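Colleague: Structure incoming, see below.
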Amino acid sequence: MCGRMALTLPPDAMAQLFAAAPANDLPSVPNYNVCPTTQVPVVTSDATATRKLSAMRWGFIPKWYKRPSGGPLLINARAETIAEKPAFRDAARTRRAIIIATGFYEWTKDAEGGRDPWYIYRSDAAPLAFAAVWQDWTDPEGGRMQTCAVVTTGANESMQAIHHRMPVILNQQDWPLWLGEADKGAARLMIAAPDDLLSWHRVSRAVNSNRASGPELIIPLAQDAKEI
């Protein structure tokens, strides 16, 4: 599960890192509380291997939905079933993308059932490149919207202490394969990241509200990062 993100990388830095032409409608940064149904920066590549950095709605809308809320909110696509699920199978073959984030949040429960958030990020402080799929959705009135979902897989051993799922995180050398610029075989990339790729720490429950914002949301509550 990946249900909340943070992004601090400026658009020009994202465009340079991914060698992608930036659109002029990218979401504002920094944003320490990126929520589903909002716009996120997405890298795609066309038939000529030309990359584009654009904004898409986080929440994949299958082509048969009559309206954005016409069915379940699909913010994640499971790697284990993505090739068979009607909502995602075409996108998994022909519309793969990368969602950029600085970090993401997961939650554990305390003894009273309260939800404790954890901020998760790369140990080397590099941006996260989430494997994603996208859909160009058209409503019955002719309106169009580009939408996307994060691909998830079973958590690695260290992440299982927080959650049993995690986003598929792509290494830079694998970006061309996932984006369809290289040979076939992208399915092999849909695996858990190495145990030492990510670090995390507990943060304030303020982030539990989708209205919360600001850099204080990722400040550690204690010094025992990566400890539960």
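Colleague: Would you calculate the convex hull of the Cα atoms in the range 154-211 and tell me its volume per residue in Å³?
Modeller: Values: hull volume 7.1 nm³, N = 58.
It comes to 123 Å³ per residue, whole-number rounded.
Colleague: Taking amide H atoms as placed 1.01 Å from N in the peptide plane, list the residues 5 or more away in sequence, or in a different chain, whose amide H sits under 5 Å from that of Arg4.
Modeller: Result for Arg4 returns Tyr105.
Colleague: Another question, if that's okay. Determine the gain in length on full extension of the stretch Thr138-Asn156; use 0.36 nm per residue of separation and subtract their C-alpha separation, reporting nm with one decimal. Don't jump to the answer; show the numbers that get you there.
Modeller: Details: separation 18, 0.36 × 18 = 6.48 nm, distance 3.71 nm.
Contour length minus Cα-Cα distance gives 2.8 nm.
Colleague: Continuing with this model, one more query. Step through the residues of the range 106-121 one at a time and calculate ³J(HN,Hα) from phi using the Karplus curve (6.51 cos²θ - 1.76 cosθ + 1.60, θ = phi - 60°), rounding each to whole Hz and writing x for Gly and Pro.
Modeller: 9, 10, 10, 10, 8, 4, 8, x, x, 9, 9, x, 10, 9, 10, 7
Colleague: If I take every Cα pair under 8 Å that is 6 or more residues apart in the range 59-189, average their sequence separation and divide by the length, what percent do I get for the relative contact order?
Modeller: Numbers: 220 pairs, mean separation 33.7, N = 131.
With pairs under 8 Å counted, the relative contact order is 26 percent.
Colleague: What are the ³J(HN,Hα) couplings of the range 16-21, residue after residue, when phi is run through the Karplus curve with 6.51, -1.76, 1.60 and θ = phi - 60°? Round to Hz, x for glycine and proline.
Modeller: 5, 4, 9, 6, 10, 6
Colleague: Taking 0.36 nm per residue of sequence separation and subtracting the Cα-Cα distance, how much length would be gained by fully extending the chain between Ser28 and Trp64, in nm to one decimal? Walk me through the intermediate numbers first.
Modeller: Details: separation 36, 0.36 × 36 = 12.96 nm, distance 3.05 nm.
Taking 0.36 nm per residue and subtracting the Cα distance, the gain is 9.9 nm.
Colleague: Tally Lys/Arg at +1 and Asp/Glu at -1 over every other residue whose Cβ is under 14 Å from the Cβ of Thr8; what's the total?
Modeller: Local net charge: -1.
Colleague: Which whole-number percent gives the relative contact order of the range 140-228, counting Cα pairs below 8 Å spaced six or more residues apart? The partial results should precede the final answer.
Modeller: Values: 85 pairs, mean separation 20.4, N = 89.
Computed value for the range 140-228: 23 percent relative contact order.
Colleague: Using R₀ = 45 Å, calculate the FRET efficiency as 1/(1 + (r/R₀)^6) where r is the Cβ-Cβ separation of Met145 and Glu112; round to 0.05.
Modeller: On the way: r = 40 Å, r/R0 = 0.90.
It comes out at approximately 0.65.
Colleague: Can you work out the PRE-style zone for Leu73? Point 7 Å along Cα to Cβ, and I want the residues of the range 91-111 with backbone N under 16 Å.
Modeller: 105-107
Colleague: How many times 2.2 N^0.38 Å is the alpha carbon radius of gyration of the range 48-87? Each step should come with its number before you reach the end.
Modeller: Values: Rg = 12.7 Å, N = 40, 2.2 N^0.38 = 8.9 Å.
Relative to the rule-of-thumb radius for its length, the range 48-87 sits at 1.42.
Colleague: If you take the C-alpha gyration tensor of the range 128-228, multiply each eigenvalue by 5 and take the square root, what semi-axes do you get, largest first, in whole Å? Mind showing how you got there, number by number?
Modeller: Values: eigenvalues 175, 105, 25 Å².
Largest first, the range 128-228 gives 30, 23, 11 Å.
Colleague: Arranged from highest to lowest average of other beta-carbon atoms within 10 Å per residue, in what order do the peptides 165-176, 94-105 appear? Kindly include the intermediate steps, with their values, before the conclusion.
Modeller: Details: 165-176: 18.4, 94-105: 22.2.
Ranking the peptides 165-176, 94-105 by packing returns 94-105, 165-176.
Colleague: In the range 126-140, whose amide N lies under 18 Å from the spot 7 Å out along Cα-to-Cβ of Lys85? List them in ranges.
Modeller: 130-137
Colleague: Another one. Would you calculate the convex hull of the Cα atoms in the range 13-137 and tell me its volume per residue in Å³?
Modeller: Cα-based convex hull of the range 13-137, divided per residue, equals 150 Å³.
Colleague: Along the range 173-179, what does the Karplus equation 6.51 cos²θ - 1.76 cosθ + 1.60 (θ = phi - 60°) give for ³J(HN,Hα), rounded to whole Hz, x for Gly and Pro?
Modeller: 5, 9, 4, x, 5, 5, 7
Colleague: Work through the residues other than Arg89 whose Cβ is under 14 Å from its Cβ and net out their charges, Lys, Arg +1 and Asp, Glu -1. Kindly include the intermediate steps, with their values, before the conclusion.
Modeller: Numbers: positive: Lys63, Arg78, Lys85, Arg93, Arg95, Arg96; negative: Glu80, Glu84, Asp90.
Net of charged neighbours comes to +3.
Colleague: Compute the label zone of Glu216 within the range 89-121: residues whose backbone N is under 19 Å from the point 7 Å along Cα-to-Cβ.
Modeller: Under cut-off, by backbone N: 116-119.
Colleague: Any number yet on Rg/Rh for the range 1-70, C-alpha, Kirkwood? Mind dumping the intermediate values first?
Modeller: Working: Rg = 13.5 Å, Rh = 13.3 Å.
A ratio of 1.01.
Colleague: Oh, and also: For Asn76, enumerate residues with amide H under 5 Å from its amide H, sequence gap 5+ or separate chain, H modeled in the peptide plane.
Modeller: Here Val150 satisfy the definition.
Colleague: Additional query: So what is the relative contact order for the chain, in percent, with contacts set as C-alpha pairs under 8 Å and at least six apart? Mind showing how you got there, number by number?
Modeller: Working: 505 pairs, mean separation 47.8, N = 228.
Across the chain, relative contact order equals 21 percent.
Every number in this text was worked out from the coordinates using simple rules, so none of it is lab data. None of these values were measured; they are calculated from a predicted model. Quick reminder, even Gly has a Cβ in these numbers, built from the backbone with ideal geometry, and neighbours come from all protein chains shown.
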